[in-house]
Amino acid sequence: MVFKKKVSGIFKNWKKWHLLQIIMLVMLLMILSFFGLLYYFSKDADISELKNELPQPTVFYDVGGNVASKVSANKNEGVPIKEVPDSMKNAIVAIEDHRFYRHNGVDLIGTSRALLRDIKAGGMVEGGSTITQQLTKNTILTSEKTVKRKLQEVFLAIAVDREYTKQEILQMYLNQIYFGNGAYGIKQAAGKYFAKDVKDLSISESAMLAGLVKAPSALNPYEHMEKATERRDLVLAQMKVQGFISAGQFEKAKQEKVVLNDKGGDPFRGKYPYYVDQVLDEAIHEYGFTQDELLTGGYQIYTELDPLMQTAIENTYTNDTLFPSSNDRLVQSGGILVDPKTGGVRALVGGRGEHTFRGYNRATQLKAQPGSSFKPLAVYTPALEDGRKITDMLKDEPMNFGNYQPSNYDHQYAGEVPMYEAVKESKNVSAVWLLNELGIEKGLDSVKRFGIPLDKADNNLSLALGGLHKGVSPLSMAEAFSVFPNSGVRIKAHVIRKIVDSGGKVVAEWKVEKERVTTKAVTDNMTTMLLGVVEQGTGKSAQIPGRETAGKTGSTQVPIKGINGLKDQWFVGYTPQLVGAFWVGYDKTDADHYITPTSGTGSSVIFREVMNEALINSPNESFKVPHIASLIEQRKKEEEKSNFGEKFNNEVQKWEEKWNKQKEKWKNKGKGKGKEKEKEKEKEKEKGHGH
């Protein structure tokens, strides 16, 4: 009996063990089948949207080689994993996925645990996602909580793990995860919370940032410091348990005071917007890039920008008192500064008010008639080239040129004036008369040499007064006027020096384009006359204290009958080292919107304020040319001498007339006395015959 009982017990136990083995075998087969299915379906998972690329902005460098601005289509900026400290990598792994280095993208244990909790709860409540799964969810999938989406996440995570190394996965994750407060990626987070570069994060700071990933808003240390600190301590504890830090490091990091410092994001992002717009336009139109390439390619663009000068022009454009006032529509303006020796655009502003990315840039895209600022290019340069002198006399009287009848802006006429006087006082009739004498062809040829394109509609005498069919921009006027301080040579104005791709290869580079427009003798004479405009003429308000400044005013009238106002207002001027061109006006002129000249406002004043600040660190240089003051003084003396001679002759003539009258009187008086004597003799004779 006892033996039977023992055998029976052994048999029963064997059956249990056998059943257990069968159950375990079935479960093993199910698990293997599950992984087999996962592997099979993951082979077809599309992970093409996931790119192991570091989001890099396009960086703009100033003329000195320093970072000036950044622009990007990406909301974040990538950091190579080699620049991320171990403390940051370990903190993320410890709190988010401590088996990260041991699983194949999906943590079966963690996922199973999450699924059991979801089944008990009757819905998707437990994440159970690995770092790889979170990466696929953030970059490829939506954040909805459904079984279908979870399965997709699993398939994609396995495919990602098969395609990329753990370090590559961690790099993509850290550069794309959201840390709260608008900080996408570890670079922005380090700057947003601690004002640090990623490589300089401490163990405590790394743990703080890693702890934010679970609930960025609820754990925001700026608003919930206590909760954020508790979460940091939990991360530190996990790091110690998993052997990432020692007990001593744990205690030190836990005791470290959290010092928040928001540096407000990247200070260079979005800086100097109008200049950046022009750089992008030049890269697209001159070098063949696309906007998408420039915003996503991580290029380094070296420019001609001078940050001091750019700041000067931007500061000036925020001073509303320098611009004509308006009730319902902003008076607009565009301005630019160019180095005449290199053609480099040192600064520009394309408008007032809110900036629109790659919107209307009035410094470079404007097409407005330049008015009298065009006279030096179309009339006086070709006149000097033709052998005329700045002291030659020009007609200044009302006259017709066929159907064209120009008039001086003040309707005052002197009969004739020397050329320098006609420039100084911006005499319209004199300019048209002179161009007519030269021949329009010479004016057209001169303008083209200055780099300004014309069309057939410009082939008329209104060219002398800037009456162009299409108009010009401050950029084209600044380039043209740069010929005068550069001894007759024009260098194409440009903003880009070179473009370097993300791999360090120079893919585009500026090549100097020079053209001799005229002679140094002509430009020296032109500068003498334009100095007179600023020192004594229509451009007095453009005077820069202590600096020789030459330039020309320009304006166009509102083309509406009965309205006496300006449509466009210009000033284009220069010192020996810098050229500035400024336009002021409305984008759309009508009967209610036009410029009324007011003292202390307008293009000349804006030029003065910008140049004064832009040149604050530049030496005071001289043009080394004569000023018209001596010519004016000489003419004054000649006029006085001429007037003296005329007065003397008049006086002599008066005395002669008086003398002749007196002589006539004497003569007449003598004749009267002779007649009386004859009468007396006759009377005596009559007495003798009376007997």
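Assorted remarks:
- Taking the range 234-250 as the range and being touching a helix residue (DSSP H, G or I) at 6+ places or on another chain (Cβ under 9 Å) and surrounded by fewer than 17 Cβ atoms within 10 Å (Cβ to Cβ) as the test, the residues that pass are Leu234, Ala237, Val241, Gln242, Ser246, Ala247, Gln249.
- Residues in the range 354-387 that are more than 28 Å from Pro406 (Cβ to Cβ) and not charged (D, E, K, R): His355, Thr356, Phe357, Gly359, Tyr360, Asn361, Ala363, Thr364, Gln365.
- Just so you know, in the range 580-595 the residues that are aromatic (Phe, Trp, Tyr) and part of a strand (DSSP E or B) include one that is surrounded by the most Cβ atoms within 10 Å (Cβ to Cβ), and it is Phe582.
- Residue count, the range 270-313 (criterion: over 30 Å from Glu609 (Cβ atoms) and of a type outside the set (D, E, K, R)): 15
- Where helices (runs of 4 or more DSSP H) sit wholly within the range 400-511, those with at least 2 residues that are closer than 17 Å to Val572 by Cβ and among the small types (Gly, Ala, Ser) occupy 474-481.
- Residues in the range 194-219 that are in contact (Cβ under 8 Å) with a residue 24 or more places away in the chain and farther than 23 Å from Val79 by Cα were compared, and the one that is surrounded by the most Cβ atoms within 10 Å (Cβ to Cβ) is Leu219.
- Residues that are farther than 13 Å from Pro474 by Cβ and of a type in the set (S, T, N, Q) number at least 2 in the following strands (runs of 3 or more DSSP E) confined to the range 290-385: 300-303.
Every residue, every condition in (1) surrounded by 15 or more Cβ atoms within 10 Å (Cβ to Cβ); (2) part of a helix (DSSP H, G or I); (3) at pLDDT 95 or above; (4) in the same structural domain as Leu209 (by TED's automatic domain parsing), yes or no:
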position	(1), (2), (3), (4)
Gly9	no, yes, no, no
Lys15	no, yes, no, no
Gln21	no, yes, no, no
Leu25	no, yes, no, no
Leu38	yes, yes, no, no
Gly65	no, no, yes, no
Met88	yes, yes, yes, yes
Ala91	yes, yes, yes, yes
Gly105	yes, no, no, yes
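- Looking only at the range 358-373, and only at residues there that are in contact with a helix residue (DSSP H, G or I) (Cβ under 7 Å, 6 or more places away or on another chain) and not polar (S, T, N, Q), the one that is farthest from Val279 (Cα to Cα): Gly371
- Per the listing Gly537, Gly602, Gly554, the residue uniquely out of contact with any Cys (no Cβ under 7 Å at 6 or more places or on another chain) and either surrounded by fewer than 20 Cβ atoms within 10 Å (Cβ to Cβ) or farther than 29 Å from Glu633 by Cβ (or both) is Gly602.
- Residues that are small (Gly, Ala, Ser) and either out of contact with any Lys or Arg (no Cβ under 8 Å at 6 or more places or on another chain) or outside any helix (DSSP H, G or I) (or both), drawn from the range 240-268: Gly243, Ser246, Gly248, Ala253, Gly264, Gly265
- The condition (being in contact with a Phe, Trp or Tyr (Cβ under 7 Å, 6 or more places away or on another chain) and surrounded by fewer than 18 Cβ atoms within 10 Å (Cβ to Cβ)) is satisfied by just one residue among Arg329, Arg362, Arg358: Arg329.
- Test: residue in the range 372-384 that is modelled with pLDDT of 95 or more and surrounded by fewer than 17 Cβ atoms within 10 Å (Cβ to Cβ): no
- Failed condition for His285, given (1) farther than 30 Å from Phe179 by Cα; (2) part of a loop (DSSP other than H, G, I, E, B); (3) under 22 Å from the mean Cα position of the chain (by Cα): (2)
- Answer residue from the range 347-365, given it is over 10 Å from the mean Cα position of the chain (by Cα) and among the charged types (D, E, K, R) and is modelled with the lowest pLDDT among those: Glu354
The values are calculated or read from the model by the stated rules, or taken from the named source; none is laboratory data. This is a predicted model, so every value here is computed, not measured. In this analysis, Cβ positions are derived from the backbone assuming ideal geometry, glycine residues included, and neighbour counts consider all displayed protein chains.
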